[in-house]
Amino acid sequence: MTAQIIDGNALSKLLRTEVAARAQALKSKGVTPGLAVVLVGDNPASQVYVRNKVKACEDSGLYSVLEKYEGSMTEADLLARVEALNHDPAIHGILVQMPLPSHINAQKVIEAISPAKDVDGFHIASAGALMTGMPGFWPCTPYGCMKMLESIGYDLKGKHAVVIGRSNIVGKPMALMLLQKDATVTVCHSHTQDLKAITLQADVIVAAVGKRNVLTADMVKPGAVVLDVGMNRNEEGKLCGDVDFEGVKQVASHITPVPGGVGPMTITMLLVNTLEAAERASN
Ligand code: NAP
């Protein structure tokens with residue numbers, strides 16, 4: 001069997017066309033969805049991420065503003081900026097790029113963002129909403145994974161989904177989203193014993209670890225769906241995921257590549273969340 005590739009670029013293009021149309025409809029009512037991206041310091045990877053996010057907004061007809069600050073910015077000043085953005089009517093979504101310099105308490109900054117503008121879905125209120133099935137913003141990466149499963153018409157009901165990784169931004173929310181769709185969910189982490197015995201039982205595997213080859217072909221049940229969230233570099237410095245793509249694609253029914261899989265979906269879901277924040281604010 002050779003797996004079908006779930007193409008994150010193609011799906012993103014489709015979803016971004018829908019975002020652009022909905023943004024246009026809002027604009028005709030006098031509301032332009034707006035995202036503020038706040039970057040503190042000069043982390044090179046973060047600079048690329050924020051540029052991509054701002055460009056994606058522009059391409060889909062969303063207003064975006066990039067606020068860049070020196071790494072020496074104080075926590076109090078950053079909190080004051082977030083508070084100002086909370087009250088800015090042109091801004092519907094606020095994203096503070098992580099990681100923040102070590103002298104700033106990142107959780108405190110996240111909690112300062114108004115839950116109504118928490119388009120990253122990291123606020124404790126957003127986490128609580130996801131946990132209880134209430135309306136709120138879902139973290140973009142696992143939300144993108146759910147859209148990928150939806151795009152192949154996958155019915156999660158009664159299926160065994162295994163999530164490898166339990167971070168607050170990917171693994172845990174991923175598990176809750178899968179549970180909400182009636183999957184039986186197992187969450188694995190660095191203390192999990194015999195990972196292979198668990199993944200071999202899975203109908204769906206989401207790898208979100210940040211280590212190459214965490215999932216190899218011998219760990220995958222034939223026909224399973226494999227989503228690779230990981231972003232790593234191989235010996236040649238090329239971007240790769242957590243999954244041994246070449247091996248696993250011979251066993252799985254569907255697989256996401258890296259690059260061109262979950263990555264573009266993450267930014268797309270940020271646009272979707274921003275649009276939704278604007279729609280909610282305008283109702
Ligand atoms: P993280 O906070 O470092 O979490 C990694 C998780 O993997 C932890 O829960 C850890 O377990 C677990 N783990 C580590 N080694 C393991 C092993 N050998 N077996 C099983 N579990 C293991 O990372 P993250 O923020 O969730 O990100 C995970 C990966 O996704 C990274 O490569 C990141 O760059 C990537 N990512 C990609 C996107 C995207 O848009 N494509 C977005 C976000 C993240 P413990 O909890 O026990 O330590």
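Rounding to the nearest 20 debye, state how big the charge dipole of region 140-263 is about its Cα centre with +1 on each Lys and Arg Cβ and -1 on each Asp and Glu Cβ.
260
Work out from phi, with θ = phi - 60° and the Karplus expression 6.51 cos²θ - 1.76 cosθ + 1.60, the ³J(HN,Hα) of each residue of region 93-103, listed in order in whole Hz, and give x for Gly and Pro.
3J(HN,Hα) across region 93-103, in whole Hz: x, 10, 10, 9, 5, 9, x, 8, x, 5, 7.
Share of Cα-Cα pairs in region 167-283 beyond 22 Å, in percent?
38
At 1.4 Å probe radius, can you tell me the per residue accessible area of the chain in Å²?
46
Between rounded, prolate and oblate, where does region 8-56 land on the alpha carbon gyration tensor, with a ≥ b ≥ c its root eigenvalues, rounded for a/c under 1.5, else prolate if a/b exceeds b/c?
Here region 8-56 falls in the oblate category.
Could you give me the ³J(HN,Hα) list for region 192-197, computed from phi with Karplus coefficients 6.51, -1.76, 1.60 and θ = phi - 60°, whole Hz, x at Gly and Pro?
5, 9, 6, 3, 4, 4
Over the chain, consider all pairs of different Cα atoms and compute the Kirkwood hydrodynamic radius from their mean reciprocal separation; express it in Å, one decimal.
Evaluated over the chain, this radius sits at 19.4 Å.
If one puts a single equal scatterer on every Cα of region 1-142 and applies the Debye formula without solvent, what log₁₀ I(q)/I(0) results at q = 0.10, 0.14, 0.16, 0.20 Å⁻¹?
For region 1-142 at q = 0.10, 0.14, 0.16, 0.20 Å⁻¹, log10 I(q)/I(0) is -0.39, -0.74, -0.94, -1.33.
Within the accessible area of the chain, what % is carbon and sulfur when the probe is 1.4 Å and the other protein chains stay in place?
Carbon and sulfur: 55 percent of the exposed surface of the chain.
Among 19, 91, 170, whose Cα lies farthest out toward the positive end of the dipole of the chain, if unit charges sit on the beta carbon of Lys, Arg (+1) and Asp, Glu (-1)?
19
If a/c stays under 1.5 just call it rounded; otherwise compare a/b with b/c (prolate if a/b is bigger, oblate if not). Do that for region 30-114, with a ≥ b ≥ c from the square roots of the Cα gyration tensor eigenvalues.
Because a/c hits 1.5 or more and a/b fails to exceed b/c, region 30-114 counts as oblate.
Filter 108/157; 55/196; 55/147; 159/211; 117/181; 27/108 down to the pairs with a C-alpha to C-alpha distance above 29 Å, please.
108/157; 55/196; 27/108
The values are calculated or read from the model by the stated rules, or taken from the named source; none is laboratory data. Remember, predicted model here, so these are calculated numbers, not experimental data. Positions of Cβ are generated from backbone atoms using ideal geometry, with glycine treated the same way; all protein chains shown enter the neighbour counts. To get the accessible areas, we keep the full protein, side chains included, count just its heavy atoms, and leave off ligands, DNA and RNA. Shrake-Rupley method; radii C 1.70, N 1.55, O 1.52, S 1.80 Å.
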